[in-house]
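Participant: Structure in structure tokens, see below.
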Amino acid sequence: MSSAPIGIFDSGYGGLTVMKDIVNELPQYDYLYLGDNARSPYGTRSFETIYHYTLECVKYLFSQNSHLVILACNTASAKALRSIQQKDLPNIDPERRVLGVIRPTAEIIGIHSKTGHVGILGTSGTVNSESYVMEIKQQFPELTVHQEACPMWVPLVENQEYDSDGADYFVKQHIDSILSKSNKIDTLLLACTHYPLLMDKIRQFVGDEITILSQGEIVAKSLANYLKRHPEIEQKCSQNGTRRFLTTDSTDDFNAHANVFWNKEINSEFIDL
Ligand code: DGL
């Protein structure tokens with residue numbers, strides 16, 4: 001049984017929220033998840049560091065026979081994807097592909113907004129990169145994009161506090177802040193792998209009038225479409241329905257924490273990069 005799994009990369013556990021939707025949409029393929037838990041979070045790190053870490057992980061997934069790698073991490077998509085696609089891939093192997101989560105989301109966000117004002121909630125790295133602003137402008141030049149960095153939200157989720165009363169303070173703080181930028185915002189994007197876990201709390205402070213988008217389903221549908229349009233890549237992805245999980249840190253920790261994101265038992269494997 002030869003395996004050429006679709007690689008899914010994230011800085012840690014969060015990309016499992018994206019992988020869950022991809023696997024639901026496209027269950028037939030083999031998947032190899034890599035969480036760089038030893039070096040997460042990425043959200044507060046510099047461009048150079050995120051690029052260096054992400055490239056190392058992509059190369060590892062290539063060495064495991066992945067022809068297609070999805071950067072499920074927004075921060076890595078914002079800070080490393082373009083360099084990897086333009087600078088590294090032509091040298092490593094022009095036949096392989098690395099895709100991110102920003103483009104597919106930017107392609108549809110305007111469809112949801114009637115007022116023309118959308119809000120992006122992400123890590124400091126994602127927000128400071130301005131990647132969403134640039135990508136959305138290309139797709140929907142008439143949209144006004146408001147951004148808010150929410151540095152406390154990832155630690156809340158990682159520490160399993162996403163449901164606690166303590167989380168209310170930080171969720172409300174950032175929701176109030178982004179909504180104060182314009183009273184016309186009618187669509188908010190959760191532009192971080194972890195934020196879907198905070199959905200109930202976010203909804204509580206946003207109210208019912210505003211559409212809240214999380215990325216898993218959007219990315220999954222976009223990937224299905226991509227594979228239809230690119231049979232030359234699709235044919236290289238093996239279809240035995242397997243899922244493997246790699247982590248750069250403790251497998252016990254990964255197995256114990258990952259169920260918050262994945263809802264099934266995971267037996268992860270350690271890799272030393
Ligand atoms: N996976 C990251 C993202 O989607 C969040 C966690 C981190 O900062 O590493 O931006």
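FYI, it's all coordinate maths here, none of it is from the lab. As the structure is a prediction and not an experimental result, all values here were calculated from the model. For neighbour counting, all protein chains shown are included, and Cβ atoms are generated from backbone atoms with ideal geometry for every residue, glycine included.
Participant: So if a site counts as exposed when it's one of the GluC sites (Glu not before Pro), its DSSP state isn't H, G, I, E or B, and it has at most 11 other Cβ atoms within 10 Å, what's the longest stretch of the chain without one?
Facilitator: On the way: sites that count: Glu95, Glu142, Glu209, Glu265.
Result, exposed sites excluded: 1-94.
Participant: Using alpha carbons only, what's the Rg to Rh ratio of segment 24-73 with Rh from Kirkwood? Display every interim value, and only then the final one.
Facilitator: On the way: Rg = 12.4 Å, Rh = 12.2 Å.
Here the Rg-to-Rh quotient is 1.01.
Participant: If you place +1 on the Cβ of every Lys and Arg and -1 on the Cβ of every Asp and Glu, how big does the dipole about the Cα centre of the chain come out, in debye to the nearest 20?
Facilitator: Numbers: 24 positive and 34 negative charges, 164 e Å.
About 780 debye.
Participant: Same structure, new question: Can you compute the radius of gyration and Dmax for segment 79-122, using only the Cα atoms, both in Å?
Facilitator: 14.8, 44
Participant: What residue among Asp253, Asp208, Asp176 shows peak mean-square fluctuation when the chain is described by a Gaussian network model with Cα springs under 10 Å?
Facilitator: Asp208
Participant: Given segment 208-273, what whole percent of its Cα pairs are spread farther than 18 Å? Write down the numbers at each step before the final one.
Facilitator: Details: 1330 of 2145 pairs.
More than 18 Å apart: 62 percent of the Cα pairs in segment 208-273.
Participant: Another one. Against the empirical 2.2 N^0.38 Å scaling, what ratio does the C-alpha Rg of segment 20-134 come to?
Facilitator: Details: Rg = 15.0 Å, N = 115, 2.2 N^0.38 = 13.4 Å.
Ratio of Rg to 2.2 N^0.38 Å for segment 20-134: 1.12.
Participant: I've got another one for you. Using the 2.2 N^0.38 Å rule of thumb for compact globular proteins, work out how segment 83-195 stacks up: its C-alpha Rg over that value, please. Walk me through the numbers on the way to the answer.
Facilitator: Numbers: Rg = 16.2 Å, N = 113, 2.2 N^0.38 = 13.3 Å.
Relative to the 2.2 N^0.38 Å estimate, segment 83-195 comes out at 1.22.
Participant: Which aspartates and glutamates does Lys59 reach when only Cα atoms under 16 Å apart count, and residues fewer than 8 places away in its own chain are ignored?
Facilitator: Cα-Cα hits under 16 Å: Asp10, Asp36, Asp88, Asp93, Glu95, Asp272.
Participant: Please find the FRET efficiency linking Gln86 to Thr242, where r is the Cβ-Cβ separation and R0 is fixed at 35 Å, and quote it to the nearest 0.05.
Facilitator: Values: r = 32 Å, r/R0 = 0.90.
After rounding to 0.05, the efficiency reads 0.65.
Participant: Now for a separate question. Restricting things to alpha carbons, tell me how big segment 165-215 is in terms of Rg and Dmax, in Å.
Facilitator: According to the Cα coordinates of segment 165-215, Rg and Dmax are 10.4, 29 Å.
Participant: Further question: Straight distance only, please: which lysines reach the Cα of Lys137 with their own Cα at less than 21 Å, same-chain residues fewer than 8 apart left out?
Facilitator: Qualifying lysines at Cα under 21 Å: Lys79, Lys114, Lys181, Lys184.
Participant: Another question, if that's okay. Residue by residue through segment 195-200, what is 3J(HN,Hα) from phi via Karplus (6.51 cos²θ - 1.76 cosθ + 1.60, θ = phi - 60°)? Round to whole Hz and write x for glycine and proline.
Facilitator: Ordered by residue, 3J(HN,Hα) equals 5, x, 5, 9, 3, 4 Hz.
Participant: Further question on the same structure: Take the Cα radius of gyration of segment 130-273 and divide it by 2.2 N^0.38 Å, with N its residue count; two decimals is plenty. Numbers along the way, then the final one.
Facilitator: Numbers: Rg = 18.5 Å, N = 144, 2.2 N^0.38 = 14.5 Å.
Ratio of Cα Rg to 2.2 N^0.38 Å: 1.27.
Participant: Can you list which of the trypsin sites (Lys or Arg not before Pro) found in segment 40-123 are DSSP loop residues with at most 11 other C-beta atoms within 10 Å? Don't jump to the answer; show the numbers that get you there.
Facilitator: Numbers: sites: Arg45, Lys59, Lys79, Arg82, Lys87, Arg96, Arg97, Lys114; in loops: Arg45, Arg96, Lys114.
Those satisfying the criteria are Lys114.
Participant: Over all directions, average the projected area of the Cα convex hull of the chain and note it in nm². List each step's numbers first, then the result.
Facilitator: Numbers: hull surface 54.4 nm².
It is 13.6 nm².
Participant: Using Cα positions and a limit of under 24 Å, work out the lysines in reach of Lys264, with same-chain residues fewer than 8 apart set aside.
Facilitator: Correct list for Lys264: Lys20, Lys201, Lys221.
Participant: Using the basic label-point model (7 angstrom from Cα toward the beta carbon), what is the Gln138 to Ala256 distance in nanometres?
Facilitator: Result for the modelled spin labels: 4.3 nm.
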